[in-house]
1. Can you name the residue in region 135-147 that is near the ligand (Cβ under 9 Å from one of its atoms) and in a strand (DSSP E or B) and, of all such residues, is surrounded by the fewest Cβ atoms within 10 Å (Cβ to Cβ)?
2. So how many residues does region 55-95 have that are assigned to a helix (DSSP H, G or I) and either under 22 Å from residue 222 (Cα atoms) or more than 14 Å from the ligand (Cβ to nearest atom) (or both)?
3. Name the residues in region 155-174 that are over 15 Å from residue 5 (Cα atoms) and either at pLDDT below 95 or part of a strand (DSSP E or B) (or both), would you?
4. Evaluate the following for residue 116: is it at positive phi and away from the ligand (no atom under 15 Å from the Cβ)?
5. Cβ-Cβ under 7 Å, sequence separation 6+ or interchain: first residue in region 102-120 and free of Cβ contacts under 8 Å to residues at least 60 places away in the same chain, partner assigned to a helix (DSSP H, G or I) and surrounded by fewer than 16 Cβ atoms within 10 Å (Cβ to Cβ). Which pairs?
6. Restricting region 280-315 to residues that are more than 16 Å from residue 174 (Cα to Cα), surrounded by fewer than 19 Cβ atoms within 10 Å (Cβ to Cβ) and in contact with a helix residue (DSSP H, G or I) (Cβ under 9 Å, 6 or more places away or on another chain), which is modelled with the highest pLDDT?
7. Within region 305-316, how many residues turn out to be touching a residue at least 40 places away in the same chain (Cβ under 8 Å), within 6 Å of the ligand (Cβ to nearest atom) and part of a helix (DSSP H, G or I)?
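The values are calculated or read from the model by the stated rules, or taken from the named source; none is laboratory data. Please read these numbers as outputs of a predicted model, since none were measured by experiment. Quick reminder, even Gly has a Cβ in these numbers, built from the backbone with ideal geometry, and neighbours come from all protein chains shown.
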Ligand SMILES: Cc1cc2nc3c(=O)[nH]c(=O)nc-3n(C[C@H](O)[C@H](O)[C@H](O)COP(=O)(O)OP(=O)(O)OC[C@H]3O[C@@H](n4cnc5c(N)ncnc54)[C@H](O)[C@@H]3O)c2cc1C
């Protein structure tokens, strides 16, 4: 602890980072552990309506929520507010550019329900921050940077800027993919630079999207196109289009018409002509996986624990399942009158959740590597894979189970 540091609060759980993951975790803890007091600390503003597209989590992107994630948001009582920013995915079309293979999935593959929902991050952020502002046992420390963490046998101490300090029995570090605190604690990561960037933007097309999401694999990287505009009649979609990093400067220079033309070449004319594109945002793509996720009084969450390629739309969905599993372990510990920061409690969490993390990461990785290869055996295998997905009900069921977040037993806490 530094000289003259002023303690401004003691809590059961302190969360660094009020991005999508930290914010949802705080709300889950509030709901499931009624005796707990929770602090959430973010370097940016946590005031509802203060969000701008430049912020790390609640930016101009959209997120595909799996049906199991949607259920969690519903159980938190936030779905009716989120509906204003949500578009159902009625079907998914997966294809290989320039080749025959393709597979389609629709509601029939998911017991008549949508295959997921696309939510706009800015709207999602406002709904979450409004809920945090209403949460009586959550204290938000806005515009406060955690400069370092220190640990004693009983507490984690969060040293904030302006010589203030917050204490908690457990520190959750959810400060993003390039987590400064993870690095300060000497936790190393397995890293893979895909040598790719993603450009994210909203586009408008001649034809309505009909609620269909497209996942198209090309030699340069995958292109995902997700429906927006709240219903199937909308002509607005969001794209996540990946390309080699060496093309970044060139792609940034494309004017609107050139961008639309290149996108059209890559995607084809299933939605007619693309007519407009909004501001484009660029993201470097890496896989970063922490080699340690728990220690006594500390757990890593969200992008700080694992940052995945966005192609399979799994990063937030997996982090939400992690959060549910952590809350389940903390509730069990609380029922047994155990301290939530004890290593065995946190070890129980990670032991239970690692299988889900491993399967999800392996699938995301396989998706990317498999679809990048253009040698004849790989192309043939892919085409056979598509045929299998089109015609084999067991293969379809497994694929949808994993995509919809039902691949592993669910934590039962809500
Ligand atoms: C292009 C793209 C598309 C994606 N699409 C999908 C999708 O469709 N479906 C899906 O499931 N996932 C998707 N993801 C993944 C998803 O966006 C992430 O899982 C999610 O953003 C993780 O958020 P987070 O809260 O862990 O981290 P972040 O969003 O990075 O938030 C970290 C927070 O910590 C704060 N912070 C950082 N350091 C400090 C500090 N020292 N003190 C205080 N505060 C601090 C920051 O201000 C920030 O608010 C996508 C990702 C990308 C890049």
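1. Among residues in region 135-147 that are near the ligand (Cβ under 9 Å from one of its atoms) and in a strand (DSSP E or B), the one surrounded by the fewest Cβ atoms within 10 Å (Cβ to Cβ) is 147.
2. Of the residues in that region, 9 qualify.
3. 168, 169, 170, 171, 172, 173
4. Values: at positive phi: yes; away from the ligand (no atom under 15 Å from the Cβ): no.
When the stated conditions are applied, residue 116 does not pass them.
5. Partner pairs satisfying both residue conditions: 113/107.
6. Residues of region 280-315 more than 16 Å from residue 174 (Cα to Cα): 280-287, 296, 309-314.
Narrowing the set further to residues that are surrounded by fewer than 19 Cβ atoms within 10 Å (Cβ to Cβ) leaves 280-284, 286, 296.
With the extra rule that they be in contact with a helix residue (DSSP H, G or I) (Cβ under 9 Å, 6 or more places away or on another chain), the set shrinks to 280, 282-284, 296.
On the way: 280: 95, 282: 94, 283: 93, 284: 94, 296: 98.
My answer is 296.
7. Residues in region 305-316 being touching a residue at least 40 places away in the same chain (Cβ under 8 Å), within 6 Å of the ligand (Cβ to nearest atom) and part of a helix (DSSP H, G or I): 2 in total.
For (1) within 30 Å of residue 220 (Cβ to Cβ); (2) more than 18 Å from the chain's Cα centre (by Cα); (3) within 15 Å of the ligand (Cβ to nearest atom), each residue gets a yes or a no:
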residue: 279; (1), (2), (3): yes, yes, yes
residue: 291; (1), (2), (3): no, yes, no
residue: 318; (1), (2), (3): yes, no, yes
residue: 325; (1), (2), (3): no, no, no
residue: 349; (1), (2), (3): no, yes, no
